[in-house]
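Quick one: the structure is below, and I'll ask about it shortly.
Coordinate-derived values only; no laboratory data. Predicted, not measured: the structure shown is a model, and the values here were computed from it. Don't worry about glycine lacking a Cβ; one is built from the backbone with ideal geometry, like all the others, and counts go over all protein chains shown.
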Amino acid sequence: MLSRKNKLLLFKLMSLFSVVRGYNILVITLAQYLASIFILSSQSSLREVVLDLNLFLIVTASALVIASGYIINNFYDAEKDLINKPRKSMLDRLVSQRFKLTTYFILNFLAVLAASYISFRAVLFFSSYIFGIWFYSHKLKRIPFVGNLISASLAIAPFFVVFVYYGNFEQVIFVHALFLFLLILAREMIKDLENMAGDMAQNYKTIPILYGQRFSKTIIALLIAMTLIPSLLLINYFDVGYMYLYFIACIILLGIFIILLWKAAGKKHYVWLHNILKFIIVGGVVSILLIDVDLVINRFL
């Protein structure tokens with residue numbers, strides 16, 4: 001049996017993991033490595049990619065900055081989350097705001113330190129990334145649509161830095177990035193519908209609050225429809241191996257998503273729609289393995 005003190009420590013660790021969205025960071029880390037192995041440096045051996053110290057430091061710095069970003073976002077949204085996510089908010093509050101801010105600065109310092117072992121340009125990038133996340137949380141997220149665009153851009157930044165590191169400028173990379181960006185942007189706008197109660201209470205000027213839910217749904221539907229362009233390009237014009245099956249499944253699932261979107265009438269429905277997009281994004285990470293099944297067999301089995 002755990003003592004009361006140990007139980008409290010365990011709950012605080014769970015609280016911190018909840019604040020930094022540890023599960024999201026794990027998915028992003030996996031995505032960076034899989035993209036490096038199967039898309040960005042497919043000519044390199046598995047050993048070369050996995051043991052690449054610079055790539056490890058890039059992934060580590062990305063994870064630290066993302067974790068700190070979730071902390072500062074949680075700090076600014078504490079009151080709003082009490083309304084939108086009461087259960088999660090109560091767990092998050094087991095860790096004091098002072099401790100969260102201390103952790104925020106420590107994580108950012110460690111991220112810049114890791115970047116300094118790569119290059120001065122890496123330090124500039126991650127310093128800018130840290131500032132961008134803070135400025136978004138502090139100011140930009142309250143600006144309708146601009147906040148959504150910035151949030152989606154910040155979400156794909158970890159993949160951008162890996163892409164630049166390998167210097168792979170093939171068209172297929174940009175098409176993959178466009179598909180991911182549109183999905184993330186649509187997800188950000190679904191979150192605005194999901195969080196309307198807290199946003200209204202805290203005077204956030206989001207699209208559904210200013211222009212109505214129908215207008216917001218129209219934009220989301222257009223974004224989802226636009227994912228057809230990169231999906232069809234990747235299926236018909238680029239060699240993505242068996243990953244074409246993933247994009248076919250996405251087209252079907254996103255068609256269902258649009259139907260459900262127009263029928264959605266409350267927070268419960270928007271949470272389901274949010275989870276569908278999250279499932280598609282995580283599924284995309286795993287499906288990277290389908291790009292070259294022979295490579296998977298030769299490298300992992």
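Report the FRET efficiency, 1/(1 + (r/R0)^6), for Leu30 and Tyr237, where r is their Cβ-Cβ distance and R0 is 22 Å, rounded to 0.05.
Result of the calculation: an efficiency of 0.20.
Just want the ordering: Leu289, Leu185, from fewest to most Cβ atoms lying within 10 Å of their own Cβ.
Least to most surrounded, the residues fall as Leu289, Leu185.
If you don't mind, there's one more thing I want to ask. For a Förster distance of 41 Å, can you work out the FRET efficiency between the beta-carbons of Leu245 and Tyr117, rounded to the nearest 0.05?
The computed FRET efficiency comes out at 0.55.
Quick one: go through region 182-202 and flag any residue whose amide nitrogen is under 18 Å from the point 7 Å out along the Cα-to-Cβ line of Leu260.
Answer for this model: 183-195.
Could I ask something else about it? Take Ala177, project a point 7 Å from its Cα along the Cβ direction, then tell me which residues of region 120-163 have their backbone nitrogen under 13 Å from it.
153-163
I'd like the FRET efficiency for Leu253 and Ile156, computed as 1/(1 + (r/R0)^6) with the beta carbon distance as r and R0 of 22 Å, rounded to 0.05.
Efficiency computed from Cβ-Cβ geometry: 0.60.
For region 168-301, give the magnitude of the charge dipole about the Cα centre (Cβ charges: +1 Lys/Arg, -1 Asp/Glu; no others), in debye to the nearest 20. The partial results should precede the final answer.
Details: 10 positive and 8 negative charges, 135 e Å.
Charge dipole, region 168-301, about its Cα centre: 640 debye, nearest 20.
Can you give me the C-alpha center-to-center distance between region 273-292 and region 109-168, rounded to a whole angstrom?
If you average the Cα positions of each part, the centres end up 23 Å apart.
For region 179-232, which trypsin sites (Lys or Arg not before Pro) pass both filters: DSSP loop (anything but H, G, I, E, B) and at most 14 other C-beta atoms within 10 Å?
Hits after loop and neighbour filter: Lys205.
Here's a follow-up. Quick one: of Lys139/Lys263; Lys141/Lys268; Lys139/Lys268; Lys191/Lys267; Lys217/Lys267, which pairs are farther than 21 Å apart, Cα to Cα?
Exceeds cut-off: Lys139/Lys263; Lys141/Lys268; Lys139/Lys268.
Calculate the spin-label point distance for Leu149 paired with Leu53, positioning each point 7 Å from the Cα along the beta-carbon direction, and give it in nanometres.
So the two model labels end up 4.1 nm from each other.
In square nanometres, what is one fourth of the surface area of the convex hull spanned by the alpha carbons of region 141-211?
5.1
While we're on this one: If you rank Tyr129, Tyr244 by fewest surrounding Cβ atoms within 10 Å, what's the result?
Tyr244, Tyr129
May I ask you to evaluate 6.51 cos²θ - 1.76 cosθ + 1.60, the Karplus curve with θ = phi - 60°, for each residue of region 219-227 and list the ³J(HN,Hα) values in order in whole Hz, giving x for glycine and proline?
Result, ordered by residue: 5, 4, 4, 5, 4, 5, 4, 5, 5 Hz.
So, one more: Taking θ as phi - 60°, what are the ³J(HN,Hα) couplings along region 143-159 by the Karplus curve (6.51, -1.76, 1.60), each to the nearest whole Hz, with x for Gly and Pro?
So the J values, rounded to whole Hz, are 8, x, 6, 4, x, 5, 4, 5, 4, 5, 5, 5, 5, 9, 4, x, 7.
Counting pairwise Cα distances across the chain, what percent come out greater than 31 angstrom?
On the way: 15300 of 45150 pairs.
Considering the chain, 34 percent of its Cα-Cα pairs are separated by more than 31 Å.
Now for a different question. What distance in nm separates the two pseudo spin-label positions at Lys139 and Leu210, each 7 Å out from Cα along the beta-carbon direction?
1.6
Explain nothing, just the number: relative contact order of the chain, from Cα pairs under 8 Å at least 6 residues apart, as a whole percent.
Relative contact order comes out at 19 percent.
For region 258-270, take each phi angle, set θ = phi - 60°, evaluate the Karplus expression 6.51 cos²θ - 1.76 cosθ + 1.60, and give the result in whole Hz per residue in order, putting x for glycine and proline.
In residue order, the calculated couplings are 5, 4, 5, 4, 6, 8, 5, 9, x, 4, 4, 5, 5 Hz.
Where does region 9-168 land on the Kirkwood hydrodynamic radius, alpha-carbon pairs, in angstrom? Mind dumping the intermediate values first?
On the way: mean 1/r = 0.0603 Å⁻¹.
Roughly 16.6 Å, rounded to one decimal.
For the chain, what does -39500 (n - 2.57) per DSSP helix run (n ≥ 4), summed and divided by total residues, give at 222 nm, in deg cm²/dmol to the nearest 500?
Counting only the DSSP helices, I get -26000 deg cm²/dmol.
Continuing with the same structure: Please rank Ile28, Ile39, Ile251, fewest neighbouring Cβ atoms within 10 Å first, as an exposure proxy. Provide the component values of the computation, followed by the final result.
Working: Ile28 19, Ile39 22, Ile251 13.
Result, fewest neighbours first: Ile251, Ile28, Ile39.
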